[in-house]
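J.: Just dropping this structure here.
The values are calculated or read from the model by the stated rules, or taken from the named source; none is laboratory data. Given the structure is predicted, the values throughout are model-derived calculations rather than measurements. Cβ coordinates were reconstructed from backbone atoms using ideal geometry, including for glycine residues, and neighbour counts include every protein chain displayed. All accessible areas refer to the heavy atoms of the entire protein, side chains included, with ligands and DNA or RNA removed. Shrake-Rupley method; radii C 1.70, N 1.55, O 1.52, S 1.80 Å.
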Amino acid sequence: MSFLESYDHLVDFSQKSLFISAFAIAFNPTFWNIVARREYRTKFITKFFGSAQAGCYALAITIFSLGLLRDFLYERALRDQPSHPLLEGDLPTYAGYALLALGNLFVVSSTWQLGITGTFLGDYFGILMDDMVTGFPFNVTNAPMYYGSTMSFLGTALLYGKPAGVFLTGVVLVVYLVAIQFENPFTAAIYAKRASAQKSKGGNKGSVRDKKEL
């Protein structure tokens, strides 16, 4: 008996929708990191749309649309998967709703604090924030959008009663943790470069703040 066969009563690995969902989960942060870094180095989006602001908003719409597609594929994948009694009943349902509520609170409040350009990689376009964001939810975690999104995935898995959803939530968490390792140092370097330029001109030193998208 293979490893996958030993767990097929929990997760049906024969369903293509499971792997399509996992691919979409991994693709999104990979896409926006590659595109944003290329924008930072070449300004190809800014040149195409005529301004950094317009380019950032175009990328924001693209990332948001990809997120909707990812969520759709995740739901479709869950519908093709077996349920489990341990994930059914009142307690998992209440926990699912609580995770969804908290996860969405983190995501929405992060976007409110950062604004559209702060949320959707504006710093790669040269649209930098003046000060570090320290209010909620950034006083709870330095990556509230990523952890909020992960909680929403897990909450949905519990509401559907699907172990496959828990598995895919693990994929989400791993992908986001990897993304953070790439994004945070690069973002810090952007703000450090600005601070150095301002210092050399006798200006005020800029500061770094954590951000990110769903």
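J.: Looking for whichever is polar (S, T, N, Q) and open to solvent by 10 Å² or more (accessible area, probe 1.4 Å) here; the options are SER83, SER110, SER21. Which one fits?
T.: On the way: SER110 fails: open to solvent by 10 Å² or more (accessible area, probe 1.4 Å); SER21 fails: open to solvent by 10 Å² or more (accessible area, probe 1.4 Å).
Being polar (S, T, N, Q) and open to solvent by 10 Å² or more (accessible area, probe 1.4 Å) holds for just one of SER83, SER110, SER21, which is SER83.
So that you can scan it fast, the table gives a plain yes or no per residue for (1) assigned to a helix (DSSP H, G or I); (2) among the charged types (D, E, K, R); (3) open to solvent by 70 Å² or more (accessible area, probe 1.4 Å); (4) at positive phi:
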{"site": "ALA36", "(1), (2), (3), (4)": "yes, no, no, no"}
{"site": "GLY55", "(1), (2), (3), (4)": "yes, no, no, no"}
{"site": "LEU66", "(1), (2), (3), (4)": "yes, no, no, no"}
{"site": "GLU75", "(1), (2), (3), (4)": "yes, yes, no, no"}
{"site": "ILE127", "(1), (2), (3), (4)": "no, no, no, no"}
{"site": "VAL140", "(1), (2), (3), (4)": "no, no, yes, no"}
{"site": "TYR147", "(1), (2), (3), (4)": "yes, no, yes, no"}
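J.: Any idea which of (1) touching a Ser or Thr at 6+ places or on another chain (Cβ under 7 Å); (2) within 29 Å of ILE45 (Cα to Cα) is the one ASN142 doesn't satisfy?
T.: Going through the list (1) touching a Ser or Thr at 6+ places or on another chain (Cβ under 7 Å); (2) within 29 Å of ILE45 (Cα to Cα), ASN142 breaks only (1).
J.: Considering each residue of region 41-53, count those that are among the small types (Gly, Ala, Ser), without any contact (Cβ under 8 Å) to a residue 24 or more places away in the chain and either over 22 Å from LYS193 (Cα atoms) or crowded, with 16+ Cβ neighbours inside 10 Å (or both), and give that number.
T.: If we filter region 41-53 for residues that are among the small types (Gly, Ala, Ser), which is where we start, we get 50-52.
Next, from what is left, pick out any that are without any contact (Cβ under 8 Å) to a residue 24 or more places away in the chain: 50-51.
Filter again for either over 22 Å from LYS193 (Cα atoms) or crowded, with 16+ Cβ neighbours inside 10 Å (or both), leaving 50.
Selection size over region 41-53: 1.
J.: Pick from ASN104, ASN142: which is of a type in the set (S, T, N, Q) and in contact with an Asp or Glu (Cβ under 8 Å, 6 or more places away or on another chain)?
T.: Values: ASN104 fails: in contact with an Asp or Glu (Cβ under 8 Å, 6 or more places away or on another chain).
It is ASN142.
J.: Give me the pairs: first residue in region 84-113 and charged (D, E, K, R), second residue surrounded by 15 or more Cβ atoms within 10 Å (Cβ to Cβ), beta-carbon distance under 8 Å, and six or more apart or on different chains, which are they?
T.: GLU88/GLY161
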